[in-house]
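**Student:** I am attaching a structure below and will ask some questions about it afterwards.
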2 protein chains.
Amino acid sequence: MIRKLDERSSLELLRKKKSGRLGCVLPSGEPYVVPVNYLFDGEHIHLHSLPGEKIEAMKANPNICLQAQEMSVDGFEWQSVIAFGKYREVEEPNKTKVLTRFYKAFPRFTPVEAKLGREYIPENVIVFRLKINRLTGTEEHF
Amino acid sequence: MIRKLDERSSLELLRKKKSGRLGCVLPSGEPYVVPVNYLFDGEHIHLHSLPGEKIEAMKANPNICLQAQEMSVDGFEWQSVIAFGKYREVEEPNKTKVLTRFYKAFPRFTPVEAKLGREYIPENVIVFRLKINRLTGTEEHF
């Protein structure tokens, strides 16, 4: 049975997961999807990226989404949520605070930063956030 | 070291994987990302869906993408590809052929169809394909 997830369960899934897929729209009108690590504080989803096509696309069209999911080992039961919102770059002093939280949360998943030590912040890294405007969730159970 | 994947390796990853994320653009201009199972024959990526918001969005704006990835157990090494193309619905008699391939490929991952038996085709299921216009791949190795 496929059914909608209520807001509470959707927020819970977002909180529990730390990786998902970021969706944005390229200037060509094409959708673009990339794997990302994220941190969710209950209101904003924080992300980081090096400069490039993705960042330029989000500056031009700030409509973005984050999709996260959880699946049972057998693949039969799953939950998936999509958080929709706007891209907004995070500037100092908050940028350093958010990056410090990333280093703590992903000691192994941000290997470059982890290797360099928690005090090191790559000069060109961009921190941004998605403030959730709309949240949809779906689940399938048997 | 993060670097581009060449076309051969990108195609190889697409062939090896059977699940990924479908990206499309909603009429509101927002990106939309959902987990999907797919079949890739070297040219087209075949997918299926029940009718709904996603199908309506792709009919209105046929720009879609499929993102697939592979990650090492420790999360340090990964490959990710994005295949860009256009939504096109698959009609009979090809629709039945594609669905039959889905039933064979996903005996456990399409539980509704598997339960109902391979001969059963839900009347309202939609089969569509993405013909790859552009393929980008990225990998990180240490």
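**Student:** I want to confirm something. Restricting to the range A:77-92 and keeping residues that are in contact (Cβ under 8 Å) with a residue 24 or more places away in the chain and more than 13 Å from A:Arg129 (Cβ to Cβ), which single residue is surrounded by the fewest Cβ atoms within 10 Å (Cβ to Cβ)? Don't jump to the end; show me each part of the working.
**Tutor:** First pass over the range A:77-92, keeping only residues in contact (Cβ under 8 Å) with a residue 24 or more places away in the chain: A:77-90.
From what's left, more than 13 Å from A:Arg129 (Cβ to Cβ): A:77-82, A:84.
On the way: A:Glu77: 14, A:Trp78: 16, A:Gln79: 21, A:Ser80: 22, A:Val81: 25, A:Ile82: 24, A:Phe84: 20.
Per the criteria, the residue is A:Glu77.
**Student:** Of all residues in the range B:56-71, count the ones that are over 17 Å from B:Val90 (Cβ atoms) and either touching a residue at least 40 places away in the same chain (Cβ under 8 Å) or within 11 Å of another protein chain (Cβ to nearest Cβ) (or both).
**Tutor:** Residues meeting the conditions: 9.
**Student:** Just need a number here: residues in the range A:16-55 that are surrounded by 13 or more Cβ atoms within 10 Å (Cβ to Cβ), away from chain B (no Cβ under 12 Å) and without any contact (Cβ under 8 Å) to a residue 40 or more places away in the chain. Give the derivation first.
**Tutor:** Initial filter on the range A:16-55 (surrounded by 13 or more Cβ atoms within 10 Å (Cβ to Cβ)): A:17-26, A:30-40, A:44-49, A:53-55.
From what's left, away from chain B (no Cβ under 12 Å): A:17, A:38-40, A:44-48, A:55.
Now restrict to residues that are without any contact (Cβ under 8 Å) to a residue 40 or more places away in the chain: A:38, A:40.
Summing the residues that are surrounded by 13 or more Cβ atoms within 10 Å (Cβ to Cβ), away from chain B (no Cβ under 12 Å) and without any contact (Cβ under 8 Å) to a residue 40 or more places away in the chain in the range A:16-55 gives 2.
**Student:** Just one of (1) surrounded by 16 or more Cβ atoms within 10 Å (Cβ to Cβ); (2) within 14 Å of chain A (Cβ to nearest Cβ); (3) more than 23 Å from A:Pro35 (Cβ to Cβ); (4) among the charged types (D, E, K, R) trips up B:Lys95, so point out which.
**Tutor:** Just one mismatch for B:Lys95, condition (2).
Every read-out reported here was derived from the displayed coordinates using simple, explicitly stated rules and does not represent laboratory data. These numbers were taken from a predicted model, which means no experiment stands behind them. Virtual Cβ from ideal backbone geometry, glycine too; neighbours counted across all protein chains shown.
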